[in-house]
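The values are calculated or read from the model by the stated rules, or taken from the named source; none is laboratory data. All of these numbers come straight from a predicted model, not from anything done at the bench. Note that each Cβ is placed from the backbone with ideal geometry, even for glycine, and that neighbours are counted across all protein chains shown. Just the protein is used for accessible areas: all its heavy atoms, side chains included, with ligands, DNA and RNA removed. Shrake-Rupley method; radii C 1.70, N 1.55, O 1.52, S 1.80 Å.
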Amino acid sequence: MNATILRAVLPAAFALLLADRPPLAPNPLAPDEGQWLPQQIRAMNWAALEARGMQLTRDEFWHPERGGVLSAAVQIGGCTASFVSADGLVVTNHHCGFGAVNALSSTEHNYLRDGFVAATPAAELPAPGMVVLVVRRIEDVTAKVHAAQAEATSDLDRWQRTQEVIRQLVAEGEKEPDTTCSVASFYEGREYHLYYRTRLTDVRLVYAPPRAIGEYGGEVDNWEWPRHTGDFTFFRAYAAPDGSPRAHSSDNVPFRPEHWLKVSADGVQDDDLVLILGYPGTTERYLTSVAVADREGVFYPLRLDLLTRVLAVLERQANRSEQDQLDYASLIKSLANVQKNAAGMVWGLARNAVVARKQREEAEFRQWLAASPDRMARYGSVLDELLAADREASRTTRKDLVLGLALSSRINPFLRGICDLVAATADNRDGRGSGNLRRRFGSDALTRDLQAVQQPLLAILLDEVRRLDGDDAFAGRTALRPETDEPTAQVVAELLQSPLTTAAGRISLLESGPDGLAASADPLVKLALGLNAERDAMVDRSRNAEGRSVVLARAWIEAQQEWRGTSFYPDANSTLRVSIASVKGYEPRDGVRYTPHTTVAGLLAKHTGTEPFDAPAALRTAAESRRASRYFDPRVGDVPVCFLTDGDTTGGNSGSPVVNGKGELVGLNFDRVFENVSGDYGWSPDRSRNVSVDVRFVLWCLESVLPAHHLLREMGVWRDAPVPGAKRAPAGAR
Ligand code: GLU
């Protein structure tokens, strides 16, 4: 084990805690809070883990130089996936591959609706936008980053120096062949780690179930239990014949990973140990009461309200035709997911009284400080400074949220395009404009569904821009005539009379350069100038805040750690983590107990024949003979569909392999329960539950519903099943 890494990564208090534990004291009911770094897992009390069912050694699980079971967990888009064969087969969630399946679908070949099976490797389809990142090595670069930060003269300067040293570290690391590097910050900048990764861009779709399986229950069941969603899809990563990463090419061959997971058909039972491996995106466990109150009172309610109205417009359009449905499916799905998440946050933060708990803790912290002059000297002002910074940040919460949505190129491609056009015109001193700019601003993609979709969306979002006043007032809002009582929809309709709605008008503005821009009387140009100024100010605010946070928030983390004297794990930041968990039900309300397994019988009981509960005929037919299936589990009396565990997961853990104590794949994490949406602000043994699809349901689909027997054979689950041959790269090549 690399002792330097371990020393640097292990917080002192955590190391102490481990040392205090009797070496052989099993703790099967240990709370499963924590998204642990690979190095931290190695330092855990292995005997206690073994007593819970761990059968791997530390080195088999993960070794800093050689990797291990954990190395089979890879990143794909914002999600997690895992290698499940020696030939680069990866499995992730259907919702993680949704955008790619959507993009590959047409009204002739609607893979989203009908599912997709590549019968041979040649039939696998290049999947747009899918990139697989495999972690090879992690290096502690804290000392180098801290040395650069120590020279800083201001918050902004500290932010800039941090960016610069990270840029250098990445450039240096990428001198290693076939390597993509990135640096991540932990504990608000107390540590920095450099990741060496293999980046595979030739990723092909292998198998997707029909949406009516992969998304069964839709938004009604999203973030809920009991759940019956077959949220899985298979891809395959390809590389050059020598194993090096290479863009799509017809003579690429399946990538040969160093580590892949064995798939287990043995299933899981209540209280079984499982490990959830993956790349959780963002948690905010160490926030102040002021920051949480702002999330609860302003941010999530506004996000919920705006997205609810935006979605109504998009759904109206999508319901017009199959083509519109395909055009808007991905956008609707991702916004609806965020919308329901916001609803869960509003509900959960209030129900769990998180602000009151934080306030109590802050009062206790103050008492702890007051009891010692030494602590006062070191941390006396930290909390007050942080509360003041959070109060300051909350002044622009509404504005930042509205600006983010109004300028989202996925929601408002036109307004975003015009703002970028105005910025490019201001820089276009010679009046020419590059081919790229001309292509982008001349494109009709900007005005797609302008009247039917973008105009009503703009009316919703620009109404906020128009109405916010006082501290929140937007630059450029006079272009929206806020002093009048005209409906915003009408103001927007007039704004869209602008010549900038035509390609010729946009190119002519670009060519007019800074002088033309200054002379323009077009209210749309005035609005865009204002929004651009706001966007620049928002970027400045966030850089300053980041530069400050690596001093202030870092001290807060250190102070809390000393005060709590307990194990600490860093907030999620899309780096490789492990959550230790047990299969477990829960009590959502007084008098109600949820068991941790769902079954095909439960899936069929929800079937109405209408979306989102329209189980495909093939599934219903296969279900008739499922008692004879080898995936039938007598303990649950059925083929299982999903199960619950008390893991510590968040967005980004979608697709995470859930492995048993032998390191074998037993499920794919895909969601949390409604009571645990606000778990991003704190883990709780009573309500922190994550939802996984049972791998036996996946195998049953591959065997009996939408058959792909060759994949069962490739994964070693059904060795006698036929499989077409595939070209192979040398073993162990990256
Ligand atoms: N289902 C979640 C999402 O799509 C991912 C997992 C989680 O947040 O627990 O965002």
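Condition check: surrounded by fewer than 24 Cβ atoms within 10 Å (Cβ to Cβ), within 16 Å of the ligand (Cβ to nearest atom) and β-branched (V, I, T). Does V673 satisfy that?
Working: surrounded by fewer than 24 Cβ atoms within 10 Å (Cβ to Cβ): yes; within 16 Å of the ligand (Cβ to nearest atom): yes; β-branched (V, I, T): yes.
So V673 passes the test.
Here are some conditions: (1) at pLDDT 95 or above; (2) closer than 19 Å to I557 by Cβ. G380 meets all but one. Which one does it not meet?
All conditions are met except number (1).
Quick check on the stretch 48-94: of everything there that is within 16 Å of the ligand (Cβ to nearest atom) and open to solvent by 10 Å² or more (accessible area, probe 1.4 Å), which residue is farthest from L273 (Cα to Cα)?
By that ranking, first place goes to G77.
L619 is checked against (1) within 16 Å of the ligand (Cβ to nearest atom); (2) crowded, with 22+ Cβ neighbours inside 10 Å; (3) closer than 21 Å to F98 by Cα and fails just one. What number does that condition carry?
Looking at each condition in turn, L619 falls short on (1).
Examine the stretch 638-657 for a residue that is over 26 Å from R58 (Cα atoms), more than 10 Å from the ligand (Cβ to nearest atom), among the hydroxyl-bearing types (S, T, Y) and open to solvent by less than 10 Å² (accessible area, probe 1.4 Å), and state whether such a residue exists. Before you say what the answer is, go through the steps one by one.
Narrowing the stretch 638-657 to residues over 26 Å from R58 (Cα atoms): 638-643, 651.
From what's left, more than 10 Å from the ligand (Cβ to nearest atom): 638-643.
Now restrict to residues that are among the hydroxyl-bearing types (S, T, Y): none.
The answer is no, given that none of the residues of the stretch 638-657 is over 26 Å from R58 (Cα atoms), more than 10 Å from the ligand (Cβ to nearest atom), among the hydroxyl-bearing types (S, T, Y) and open to solvent by less than 10 Å² (accessible area, probe 1.4 Å).
Being in contact (Cβ under 8 Å) with a residue 12 or more places away in the chain and open to solvent by 50 Å² or more (accessible area, probe 1.4 Å) is the filter here, so list the residues in the stretch 539-562 that pass it. Spell out how you get there, then give the answer.
Looking only at the stretch 539-562, we keep the residues that are in contact (Cβ under 8 Å) with a residue 12 or more places away in the chain, and these are 540-541, 543-562.
Correct list: D540, R541, R543, N544, A545, E546, R548, V551, E558, E562.
Please specify each residue of the stretch 401-426 satisfying the condition of being in contact (Cβ under 8 Å) with a residue 60 or more places away in the chain and open to solvent by 30 Å² or more (accessible area, probe 1.4 Å).
R410, A423, A426 - these are the residues of the stretch 401-426 that are in contact (Cβ under 8 Å) with a residue 60 or more places away in the chain and open to solvent by 30 Å² or more (accessible area, probe 1.4 Å).
Could you check, for the stretch 693-715, whether at least one of its residues is surrounded by 24 or more Cβ atoms within 10 Å (Cβ to Cβ), at pLDDT 95 or above and within 16 Å of the ligand (Cβ to nearest atom)?
The answer is yes, given that some residue of the stretch 693-715 is surrounded by 24 or more Cβ atoms within 10 Å (Cβ to Cβ), at pLDDT 95 or above and within 16 Å of the ligand (Cβ to nearest atom).
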